[in-house]
Number of protein chains: 2
Amino acid sequence: MRTELPAASTASGPGVEDVLGLIRAGGGRITSTRRVLLEVLLGSDEHRTAEQLAALVQARLPEVHLSTIYRNLEELQRMGVLVHTHFGHGPATYQPAVGAHGHFVCDVCAATVEIPPELVASLADGALASSGFVVEPGHFAIGGRCAHCARA
Amino acid sequence: MRTELPAASTASGPGVEDVLGLIRAGGGRITSTRRVLLEVLLGSDEHRTAEQLAALVQARLPEVHLSTIYRNLEELQRMGVLVHTHFGHGPATYQPAVGAHGHFVCDVCAATVEIPPELVASLADGALASSGFVVEPGHFAIGGRCAHCARA
DNA sequence: GTGCTTGCAAACGTTTTGCAGACTC
DNA sequence: GAGTCTGCAAAACGTTTGCAAGCAC
């Protein structure tokens with residue numbers, strides 16, 4: 001929104017009230033949509049599409065519109081609370097920024113595998129050394145074939 | 001289409017006539033659209049969007065429709081002549097399969113950097129060893145910040 | 001002539017935008 | 001009351017599909 005999350009957040013990430021405080025501090029308003037969206041979003045590390053998030057929020061607030069979800073997701077990403085990832089050709093998925101990690105996604109069966117942190121680290125080190133590029137592996141999944149589909 | 005490109009193609013990749021021959025061998029017809037599209041596509045290693053390719057073909061065959069381009073691109077990918085890559089949020093880009101490589105793409109300025117082959121290889125080795133995953137790094141670019149934007 | 005290929009138009013799924021009214025502060 | 005946020009509708013975007021006419025073989 002208008003403020004960034006301080007680096008001093010706890011390792012498990014900010015809570016709902018922390019983020020609401022940030023929103024208020026930045027001149028934003030605390031609405032029930034925002035509170036419920038944050039509860040849904042920060043309550044799990046799962047990747048969810050905007051539509052899934054809308055459904056979860058609508059379970060409690062049926063009037064909430066998908067476009068409102070998109071607008072809030074965008075703000076929360078600007079604040080650094082969330083990140084989104086593209087898996088294959090489907091919709092983007094959203095997750096808390098804390099604990100974000102890289103993924104392999106199978107082009108055949110769409111299975112996802114978390115990339116081991118040491119692999120991410122060596123890729124990031126190599127990228128920095130060779131071209132000065134700072135890798136942020138969370139944003140795009142890396143395609144290929146999972147062990148099962150590669151055998152077939 | 002209905003046939004796969006033999007592994008014996010030259011290192012610089014098949015020429016227009018080679019691919020047309022394959023199409024014919026698979027029961028397909030040789031149309032002027034296909035010939036021009038292949039000339040445009042195989043004449044350079046650049047990444048081009050379907051729309052750019054359509055414009056290039058239309059310079060010579062003004063009647064060609066974008067959906068025809070998409071249909072032909074799909075067939076050429078099935079034959080293994082082409083691959084497509086997703087950079088950021090925009091449209092997919094297409095390029096000859098020969099010489100395909102991984103890319104870093106800057107989330108800020110959209111610059112792209114070719115990933116050094118040895119980095120790709122070590123990522124692929126690590127993926128295979130840790131999870132049996134066979135990486136195909138061409139399909140998705142890896143996000144981050146280029147050297148210039150990372151400094152800012 | 002058979003049947004693959006094309007142009008066109010229309011639909012698709014995801015995401016964005018313009019607007020007037022509703023709400024938070 | 002000022003200014004932010006929302007629901008709704010509509011558009012934007014890249015891509016896919018159905019169909020009848022057209023073309024390669």
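Might you check whether a residue that is surrounded by fewer than 15 Cβ atoms within 10 Å (Cβ to Cβ) and of a type in the set (Lys, Arg) occurs anywhere in the range B:144-152? There is at least one residue in the range B:144-152 that is surrounded by fewer than 15 Cβ atoms within 10 Å (Cβ to Cβ) and of a type in the set (Lys, Arg). The set of residues in the range A:94-113 that are over 16 Å from the mean Cα position of the chain (by Cα) and at pLDDT below 85 comprises A:ASP107, A:VAL108, A:CYS109, A:ALA110, A:ALA111. Test B:LEU123 against the criterion of being crowded, with 18+ Cβ neighbours inside 10 Å and at pLDDT below 95, and give yes or no. Spelling it out, B:LEU123 is indeed crowded, with 18+ Cβ neighbours inside 10 Å and at pLDDT below 95. If only residues of the range A:113-152 that are assigned to a loop (DSSP other than H, G, I, E, B) and in contact with a helix residue (DSSP H, G or I) (Cβ under 7 Å, 6 or more places away or on another chain) are counted, the one that is nearest to the other protein chains (Cβ to nearest Cβ) is A:GLY132. Candidates B:LEU61, B:LEU20, B:LEU37: the one that is closer than 30 Å to A:GLY90 by Cβ and either at pLDDT 95 or above or in a helix (DSSP H, G or I) (or both) is B:LEU37. In this structure, does A:ARG71 turn out to be out of contact with any helix residue (DSSP H, G or I) (no Cβ under 6 Å at 6 or more places or on another chain), within 10 Å of DNA strand C (Cβ to nearest atom) and more than 27 Å from A:HIS139 (Cβ to Cβ)? Considered against the rule, which asks whether it is out of contact with any helix residue (DSSP H, G or I) (no Cβ under 6 Å at 6 or more places or on another chain), within 10 Å of DNA strand C (Cβ to nearest atom) and more than 27 Å from A:HIS139 (Cβ to Cβ), A:ARG71 comes out as no.
B:ASP45 meets all of the listed conditions (1) within 17 Å of the chain's Cα centre (by Cα); (2) farther than 30 Å from A:ALA141 by Cβ; (3) acidic (Asp, Glu) but one, namely (2).
The values are calculated or read from the model by the stated rules, or taken from the named source; none is laboratory data. All values derive from a computational prediction rather than experimental measurement. Reconstructed Cβ throughout: ideal geometry from the backbone, glycine too, with neighbour counts over all protein chains shown.
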